[in-house]
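Student: What follows is a structure written as structure tokens; I'll ask about it next.
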Amino acid sequence: MVETAPRLPDGTPFPTLYYLTCPKANSAIGTLEANGVMKEMTERLQADPELAAAYRAAHEDYVRRRDEIEELKDFPSAGGMPDRVKCLHVLVAHSLAAGPGVNPLGDEALAMLPEWWSRGACVTPALPLAEGAEKPEGSEGSGGEAR
């Protein structure tokens, strides 16, 4: 996950603060989106006032974090917050950045990911190789675990 500036180099506001960078996680989340998870979550927001309040609080947390870098007055947050679910990738990245319990729908999407998500190079930082050591067969990057 990476955090980006809230403005493009030309000064244009850019609301997406967090990006999920693990290709395998992105693919798995894309599968959730293709299977209708966003629509189901949006429907639950309309029917469940408690979930809607928690999701609005996630939106407020997201905007606060973004505005701590540079305020974008009255500019929307990302991922469809606070009224709908537009992008699970953003919600998951927000959950990873903010920690469990901040974004309920990001947390739910994380919990739906396959078991491989809990280990590997996307989750565990790669350790540097000892001088002269060779990368393990099947590994990607410099010294990380196989993904």
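Every number in this text was worked out from the coordinates using simple rules, so none of it is lab data. Quantities reported herein were computed from a predicted structural model and do not represent experimental measurements. Heads up, the Cβs are rebuilt from the backbone with ideal geometry, glycines too, and the neighbour counts pull from every protein chain shown.
Student: Simple spin-label model, 7 Å along Cα-to-Cβ: Glu43 to Glu71 in nm?
Tutor: 4.1 nm
Student: If you don't mind, there's one more thing I want to ask. Which of rounded, prolate, oblate describes segment 3-53, given a ≥ b ≥ c as roots of the alpha-carbon gyration tensor eigenvalues and a/c under 1.5 marking rounded, otherwise prolate only if a/b is larger than b/c?
Tutor: Oblate is the answer for segment 3-53, as a/c is 1.5 or above yet b/c matches or exceeds a/b.
Student: On average over all directions, what projected area in square nanometres does segment 38-125 have, based on the convex hull of its Cα atoms?
Tutor: 6.3 nm²
Student: How high is the relative contact order of segment 1-42? Use alpha-carbon pairs under 8 Å, at least six apart in sequence, and give a whole percent. Provide the component values of the computation, followed by the final result.
Tutor: Values: 29 pairs, mean separation 12.7, N = 42.
It comes to 30 percent, rounded to a whole number.
Student: Can you give me the distance in nm between label points at Asp83 and Arg56, each placed 7 Å from the Cα along the Cα-to-Cβ direction?
Tutor: So the label points at Asp83 and Arg56 sit 1.3 nm apart.
Student: Next question, about the same structure. So if the hydrodynamic radius of segment 1-85 is defined as the Kirkwood radius over C-alpha pairs, what does Stokes-Einstein give as its diffusion coefficient at 20 °C and 1.002 mPa s, in µm² per second?
Tutor: 151 µm²/s
Student: So how much slack lies between Arg64 and Tyr19, counting 0.36 nm per residue of separation and subtracting their Cα-Cα distance, in nm? Let's see the in-between values first.
Tutor: Working: separation 45, 0.36 × 45 = 16.20 nm, distance 1.68 nm.
Residue separation times 0.36 nm, minus the Cα-Cα distance, leaves 14.5 nm.
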